[in-house]
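Below is one structure, written out as structure tokens; the observations come after it.
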Amino acid sequence: MKFGSSSLACAAILAGAQAGVITKREDDNIDSNVGYLQIGFEKFHGHEFDTAVKNKRYSDIIAKRDNGAYSVDLLNRNTYYAANVEIGSSRQRVVALVDTGSSDFWVMGSSLCSSAGRDDSNIFRSNSAVGTASQTASGGSATATADCRTYGSFDPSNSSTWRENSTSFYVHYADTSAASGPWGTDTIDFGSFSLENASIGVANFSNASIGGILGVGLAATESTFSGIGLLSSQQTPYQYENVPAMMVSQGLIHKNAYSLFLNSIDADTGSILFGAVDHSKYSGQLYTLPILRLYGSPSQPVAMGFDITVQGVGITDGSTYETITSSSFPALLDSGTTLMYVPYTLSDLIAREIGATYSRNQGYYLMDCPSDDDTTQLVFDFGGLQINTNLSNYVIQASSTSNVCYLGIIPTSNVLAIFGDVFLRDAYVVYDLDDLEISLAQANFNNDEQNIDVITSDVPSATRAPGYSNTLTSANSITGGGNIFTLSGATATGSGRASGVLSRGSQTTGSTAGGRGISSILPVTGGSSVTISTSQRSSSDRRNIGERAVPASWLFVVSSFIFSFFL
């Protein structure tokens, strides 16, 4: 989910919102047809959106210090997917970050524009762009002005279709950025279609440096419903139709579901497909898994993110297979997070297998960079469904002249893992918001001929994973060993330790990857806690989920939330 790792999202109740009406138009950049809408997006990398660059891999934007050392902040090594939208009767252009982990749409008000003025000419790029939001801004003055020449803004007084409804919204991010202003309704134009009377928050107070956020997530994460920090204790949580829900109610798509294809590590474009599946974008079987309901109370568990059960992790070089762990743990699929965050025990086990060592000074794992022809893959098992991800996804070279690489797998003291782009770019993901299910398959980068099926009820050609019912019912310890490659439906078979899977020579100097001991505590039913395993890691190395500076994970953290671990 989004809103940093520890941010809270809250808003006043949205009252009197009218139903939206979809109007279709022709646009070469967006594929719109009966039952689905496909929008391509461009990918940018950087610390913040306003300084992110296109067509650059992470290693190209690591800064060199004066003393010759290289500085890298992996927690802020973000990927951004920017949507070009127009708002109101005057069709004011705004660059918004489309977010699968939040559910509201807010934009920067023109009152926050810098004195340089507004210039829309630089907003649109060659393709219409849609994707998922990453970390929105660095901290700073809450009255900072936005560069409207680049990202656009919205002036309600210049739109004859704007209707303010006398309610307020407020959002706050883990990086200290925030936004607040009035709720209202107006037309949102995406190029090939528009939504009329869509709910929009207009920020007249913000220190973010973007045009806005377009949330397309679960209804439970709508800020009007979450109940987190509502502006008045008398306000009752309320759900409304956000953008994908309006697509359904107005007949553009049949079901509140969409497919995400991030494309390969070297590609600078990808796509999101509302209401359909493109079979050309994956290989093998499309398997379905239930979304975990980790929030709420035991009697009323709620799904607030795209959390699913991971049932093991392995490693392969294409000919030999080794299980790293067969322990189950929950993972959030978050295309707004660039890297991967896993419990300390698991990160240590993975690091040991690939020859990485933990640097307490850096706070990351270091390793010798793999060769260009390295075929090593990390394998993630979801109960018979296995997704192979290239090791190259996870390594970030310190410099073009160095053979030292950072490992983009970050240890965390919480049992909830976050699988960001490093995992998702090798997966084809279908998000079914109506049935609370996720369908996964191995991504296919070698087929440009579309084969699109509209989703009317069940996801076309998808079948339940063999381990569909093996969801988490309690917190489990993560231990090494087991065998994920003999599960029914698994894509490969093998047993025991596959010696020689990796041979990289000596490890990079640093702390030993394993053997440091771990402590992960997960809140569970009734507000009690379960210790996953005990350790001796120093307190300075420990971070709870509310402290972790996860870029664009936007993970809602409720001060009193309860993990129910029941469907």
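The values are calculated or read from the model by the stated rules, or taken from the named source; none is laboratory data. Everything numeric here is computed off the predicted structure, so don't read it as measured data. Cβ placement follows ideal geometry from the backbone for every residue including glycine, while neighbour counts extend to all protein chains displayed.
Miscellaneous remarks
- Checked against (1) closer than 19 Å to Ala83 by Cβ; (2) at pLDDT 90 or above; (3) hydrophobic (A, V, I, L, M, F, W, C); (4) out of contact with any Leu (no Cβ under 8 Å at 6 or more places or on another chain), Val216 passes all but a single condition, namely (2).
- Asn361 being in contact with a helix residue (DSSP H, G or I) (Cβ under 8 Å, 6 or more places away or on another chain) and modelled with pLDDT under 95: no
- Restricting Gly305, Gly318 to residues that are in contact with a helix residue (DSSP H, G or I) (Cβ under 8 Å, 6 or more places away or on another chain) and either outside any strand (DSSP E or B) or crowded, with 23+ Cβ neighbours inside 10 Å (or both) narrows the list to Gly305.
- Per this entry, Gly318 is not counted among residues that are touching a Ser or Thr at 6+ places or on another chain (Cβ under 9 Å) and modelled with pLDDT under 90.
Each row is one residue, and each column tells you yes or no for (1) surrounded by fewer than 18 Cβ atoms within 10 Å (Cβ to Cβ); (2) touching a Cys at 6+ places or on another chain (Cβ under 8 Å); (3) closer than 27 Å to Phe306 by Cα; (4) outside the structural domain of Leu332 (by TED's automatic domain parsing).
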{"site": "Ala356", "(1), (2), (3), (4)": "no, no, no, no"}
{"site": "Leu366", "(1), (2), (3), (4)": "no, yes, no, no"}
{"site": "Ser399", "(1), (2), (3), (4)": "yes, no, no, no"}
{"site": "Asn403", "(1), (2), (3), (4)": "yes, yes, no, no"}
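- Gly363, sole failed condition from (1) touching a Phe, Trp or Tyr at 6+ places or on another chain (Cβ under 6 Å); (2) on the phi > 0 side of the Ramachandran plot: (1)
- Options Gly384, Gly420, Gly408; residue that is closer than 28 Å to Leu440 by Cα and touching a Pro at 6+ places or on another chain (Cβ under 8 Å): Gly384
- The lone exception for Ser209 - which of (1) touching a helix residue (DSSP H, G or I) at 6+ places or on another chain (Cβ under 6 Å); (2) of a type in the set (S, T, N, Q); (3) modelled with pLDDT of 85 or more it fails: (3)
- Those residues of region 260-299 which are part of a loop (DSSP other than H, G, I, E, B), buried (at least 23 other Cβ atoms within 10 Å of the Cβ) and of a type outside the set (A, V, I, L, M), in sequence order: Gly275
- Hits in region 411-448 - residues which are within 15 Å of Leu273 (Cβ to Cβ), in a loop (DSSP other than H, G, I, E, B) and either acidic (Asp, Glu) or under 14 Å from the mean Cα position of the chain (by Cα) (or both): Asp448
- For region 234-259, filtering for residues that are touching a Pro at 6+ places or on another chain (Cβ under 9 Å) and either on the phi > 0 side of the Ramachandran plot or not in a loop (DSSP other than H, G, I, E, B) (or both) leaves 3.
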